[in-house]
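Notes for the one structure printed next.
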């Protein structure tokens, strides 16, 4: 398996190349991820930001997370695809939406977070460990 991850938005205006393996892969059931995805959860890969190369210009939208810190959602202004997230309080991480990978099959979720906000109709592998909220560091 290559240690380079590539992907981007649906129209190709935004592209990324990320060297190295993800630090964390998860499903998130928080209300923000539900709104963003239009379904019951979002699916993400978290990488160190130092290995990221971006092309194209994303539109950004800042929101306040449950912990009171800002999270920046970045999406394509042309096709509207959500592509990545960054956190001003933690610039060392870069998070991509699993479906934006050129090979989404590389996404292997490790946990489900914000289980407290789960909808009964949103079925995820019951063998995955769950956390009621964000797990500790």
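Filtering region 103-117 to residues that are at negative phi, surrounded by 12 or more Cβ atoms within 10 Å (Cβ to Cβ) and in contact with a strand residue (DSSP E or B) (Cβ under 8 Å, 6 or more places away or on another chain) leaves 106, 107, 109, 111, 112, 113, 115.
Scanning region 1-15 for residues that are outside any strand (DSSP E or B) and under 19 Å from residue 82 (Cα atoms) yields 9, 10, 11, 12, 13, 14.
Number of residues in region 93-132 that are more than 15 Å from the chain's Cα centre (by Cα), in a loop (DSSP other than H, G, I, E, B) and closer than 24 Å to residue 68 by Cβ equals 3.
Quick check on region 118-137: of everything there that is closer than 30 Å to residue 16 by Cα and free of Cβ contacts under 8 Å to residues at least 12 places away in the same chain, which residue is surrounded by the most Cβ atoms within 10 Å (Cβ to Cβ)? Here the answer is 123. Looking at region 16-89, the strands (runs of 3 or more DSSP E) lying wholly inside it that each contain 3 or more residues that are in contact (Cβ under 8 Å) with a residue 40 or more places away in the chain and surrounded by 15 or more Cβ atoms within 10 Å (Cβ to Cβ) sit at 24-28, 42-48, 82-86. For region 43-70, the candidate set comprises residues that are in contact with a helix residue (DSSP H, G or I) (Cβ under 8 Å, 6 or more places away or on another chain) and modelled with pLDDT under 95; within that set, the residue that is nearest to residue 8 (Cα to Cα) is 63.
The values are calculated or read from the model by the stated rules, or taken from the named source; none is laboratory data. The structure displayed is predicted, hence computed values, not measured ones. Reconstructed Cβ throughout: ideal geometry from the backbone, glycine too, with neighbour counts over all protein chains shown.
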